[in-house]
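The structure appears right after this line, and notes come after that.
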Amino acid sequence: MSKVLVISGHPNLASSYTNSSILTALSAEVSDIEIRHLDQLYPDYQIDVAAEQAALLSADTIVFQFPFYWYSVPALLKKWLDDVFAYDFAYGSKGDKLKGKNLILSFTIGGPEESYDPLGYNHYPIEELIKPLKQTAYLAGLNMLPSIYTHRMVFIPGVYNTQEDVEKRALNHASRLIDTLNVLANSAETRIKKFVADWFAEFDQLPDSDSFFLAKLAEDINWVMPDGAFKGHAGFKDWYAIAKQTFQPGCDHQVEQIDVEKTNEGFEVNLRIRLIAQSLCGDDINMLVNETWQMTEQTDKGLIIHDYQVTAI
């Protein structure tokens, strides 16, 4: 199982019939999980940024659990985002710390589904209203997964819903979220996306040793770049020496798109990568490329690349 970090953004969880039930179910059913209750940790809104960033770094999948307040997140969760998703942590020239981690928005909505319609009193569908949160995830390099949300999650005695109804909906919501986390933790796609993030994070540093890369390449790797084709580990070594003579350490490979497809032999991974770098001559480089990897997963070695093709756009 990959580690799951849940950020509970409810400002007063003890008063919630729904978010509290969802978190209780997650705690009971998901093994490697940490739940951070912001209302308990920061009733004064003074966020411990270092502690929150450390928690994020330790996670593979992040869940924002919150009630939908005025078409957005509660103020406490917004303050958390403002403080924790800082420059050179979540974005900026060195802000790649969350790159490749999964993010799920899990939230409860008071209004009925039909109200989030052009003819309803909320006018806009939920997917339109959460676009700022999605863009936040994209800017931070997070892997944005489909959101999980449930309507009619408010109980007003004698006016709207019953406590029993909203608690049943909360348990159903929790079940859907737990199923998603279980599938995610055990999926090949998750392992490959983590592999991609680790691969480019290492390559950005251009380490002197090429051992990290060779351990993940088949001995007969077919390595095709815009500047030529290279074969086997010896070929990769030759190409890597050229790369180190071309780029300064501290590159930024931005994964703009990644698609994983199962094949008869293993997996085909199609990526769109933007390279932001400087040459050793001091020239600024901003290059967009398509990459296609052919991979297999081996019991003893894990994921291995057999064919690596790069095409400049």
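Just the number, please: carbon plus sulfur as a percent of the accessible area of segment 167-313, 1.4 Å probe, no ligands or DNA/RNA counted.
Its accessible area is 48 percent carbon and sulfur atoms.
How high is the FRET efficiency between Asp198 and Leu119 when r is their beta carbon distance and R₀ equals 51 Å, given to the nearest 0.05?
E(calc), rounded to 0.05, equals 0.60.
Per-residue ellipticity at 222 nm for the chain, helices alone: DSSP H runs ≥ 4 residues times -39500 (n - 2.57), over residue total, nearest 500 deg cm²/dmol?
Taken over the chain, the calculation gives -10000 deg cm²/dmol.
With +1 on each Lys and Arg Cβ and -1 on each Asp and Glu Cβ, and nothing else charged, work out how big the dipole of the chain is about its Cα centre, in Debye to the nearest 20.
That gives a dipole near 380 debye.
May I ask you to derive the FRET efficiency for Ser93 and Asn270 from their Cβ-Cβ distance with R0 = 41 Å, giving the value to the nearest 0.05?
0.90
I'd like the FRET efficiency for Gln309 and Gln245, computed as 1/(1 + (r/R0)^6) with the beta carbon distance as r and R0 of 25 Å, rounded to 0.05.
0.65
Can you list the residues, at least 5 places off or on another chain, whose amide H is less than 5 Å from the amide H of Asp307, using H built in the peptide plane?
Those lying under 5 Å, H to H, from Asp307 are Asn222, Gln294.
For segment 153-274, what is the accessible area per residue in Å² when the probe is 1.4 Å? Kindly include the intermediate steps, with their values, before the conclusion.
On the way: 6400 Å² over 122 residues.
Solvent-accessible surface per residue comes out at 52 Å².
Does segment 44-176 come out rounded, prolate or oblate by the C-alpha gyration tensor, with a ≥ b ≥ c the root eigenvalues, rounded set by a/c under 1.5 and, if not, prolate when a/b is larger than b/c and oblate if not?
prolate
Considering the values (1) 22; (2) 30; (3) 37, which represents percent of Cα pairs over 32 Å apart as calculated for the structure under consideration?
Here percent of Cα pairs over 32 Å apart agrees with entry (3).
Once phi is turned into θ = phi - 60°, what whole-Hz ³J(HN,Hα) does the Karplus curve with 6.51, -1.76 and 1.60 give for every residue of segment 196-204, x standing for Gly and Pro?
Values per residue, Gly and Pro as x: 4, 4, 5, 4, 6, 4, 6, 5, 4 Hz.
If I model a spin label at Leu41 and Asn286 as a point 7 Å from the Cα along the Cα→Cβ vector, what separation in nanometres do I get?
Distance between the two pseudo-spin positions: 3.6 nm.
Quick query: amide H of Asn143 versus all other amide H atoms, modeled in the peptide plane; which residues come in under 5 Å with a sequence gap of 5 or more or a different chain?
Gly100, Lys101, Asn102, Leu103
What are the ³J(HN,Hα) values, in whole Hz, obtained from phi via the Karplus relation 6.51 cos²θ - 1.76 cosθ + 1.60 with θ = phi - 60°, for each residue of segment 48-54 in sequence order, with x given for Gly and Pro?
For segment 48-54, the Karplus-derived couplings read 7, 4, 4, 5, 5, 5, 4 Hz, x marking Gly and Pro.
Keeping all protein chains in the complex and leaving out DNA, RNA and ligands, what accessible area do you get for Lys237 with a 1.4 Å probe, in Å² to the nearest 10?
Near enough 90 Å² of accessible area.
Filter Lys78/Lys193; Lys97/Lys244; Lys79/Lys101; Lys134/Lys193; Lys94/Lys262 down to the pairs with a C-alpha to C-alpha distance above 30 Å, please. List each step's numbers first, then the result.
Working: Lys78/Lys193 28 Å; Lys97/Lys244 24 Å; Lys79/Lys101 21 Å; Lys134/Lys193 18 Å; Lys94/Lys262 33 Å.
With Cα atoms farther than 30 Å apart: Lys94/Lys262.
Looking at segment 246-313, which trypsin sites (Lys or Arg not before Pro) are DSSP coil and have at most 13 other C-beta atoms within 10 Å of their C-beta?
Lys301
Can you tell me the length gained on complete extension of the stretch Leu57 to Glu256, counting 0.36 nm per residue apart and subtracting the Cα distance?
So the extension gain works out to 69.5 nm.
Provide the percentage of antiparallel DSSP beta bridges, counting only those with both residues in the chain; round to the nearest 5.
60 percent
The values are calculated or read from the model by the stated rules, or taken from the named source; none is laboratory data. Owing to the predicted nature of the structure, the values given are computational and were not obtained by experimental measurement. We place every Cβ from the backbone using ideal geometry, glycine too, and count neighbours over all the protein chains shown. For accessibility, only protein heavy atoms count, side chains too; no ligands or nucleic acids. Shrake-Rupley method; radii C 1.70, N 1.55, O 1.52, S 1.80 Å.
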